[in-house]
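The values are calculated or read from the model by the stated rules, or taken from the named source; none is laboratory data. Keep in mind it's a predicted model, so treat the numbers as computed, not measured. Neighbour counts run over all protein chains shown; Cβ positions are idealised from the backbone, glycine included.
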Amino acid sequence: MAYVLKNNEGVIIAASPHTQIAADWVVIENTDTEYLCFLDDELKKHHTFRESDIQLARVLEDLIGILIDRSVISYTDFPSPAQKRLNERQTLRHKNNLHLLGEDDVTPL
């Protein structure tokens, strides 16, 4: 079950997967076609922004690598969970050959 807010024409304009935000939000089945179409449309609207976030994350990973290579920061300056995440991302990028700066410019953490 999910909760949706509909406008005066009965078109879904907002949705919440678990929470009834206000009294005018109504419960709807997760499999409702109108609800699924609304979710699909929302995902399409935000695709460009999500893609930009993904690209920015890659740039930040490369920046961290450069700062470590130049001894501006140390890998051990990062908390343990961040170190783990950096290692996981670097492993994934190497497995999938994803290098923004070029193969010669990317140095393992």
- [ ] Output the number of the condition that ILE66 fails; it satisfies all remaining conditions of (1) within 30 Å of ILE13 (Cα to Cα); (2) at pLDDT 90 or above.
- [x] (1)
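Given the options GLU88, GLU51, GLU42, name the one that is assigned to a helix (DSSP H, G or I) and surrounded by 11 or more Cβ atoms within 10 Å (Cβ to Cβ). I'd like the intermediate steps shown before the answer.
On the way: GLU88 fails: surrounded by 11 or more Cβ atoms within 10 Å (Cβ to Cβ); GLU51 fails: surrounded by 11 or more Cβ atoms within 10 Å (Cβ to Cβ).
After applying the criteria, what remains is GLU42.
Would you check if LEU39 is assigned by TED's automatic domain parsing to the domain that holds LYS84 and either modelled with pLDDT of 90 or more or out of contact with any helix residue (DSSP H, G or I) (no Cβ under 9 Å at 6 or more places or on another chain) (or both)? I'd like the intermediate steps shown before the answer.
Working: assigned by TED's automatic domain parsing to the domain that holds LYS84: no; either modelled with pLDDT of 90 or more or out of contact with any helix residue (DSSP H, G or I) (no Cβ under 9 Å at 6 or more places or on another chain) (or both): yes.
Spelling it out, it is not the case that LEU39 is assigned by TED's automatic domain parsing to the domain that holds LYS84 and either modelled with pLDDT of 90 or more or out of contact with any helix residue (DSSP H, G or I) (no Cβ under 9 Å at 6 or more places or on another chain) (or both).
Please verify whether ASN96 is over 30 Å from TRP25 (Cβ atoms), at pLDDT 90 or above and polar (S, T, N, Q), treating the condition exactly as stated.
Values: over 30 Å from TRP25 (Cβ atoms): yes; at pLDDT 90 or above: no; polar (S, T, N, Q): yes.
So ASN96 does not fit the description; no.
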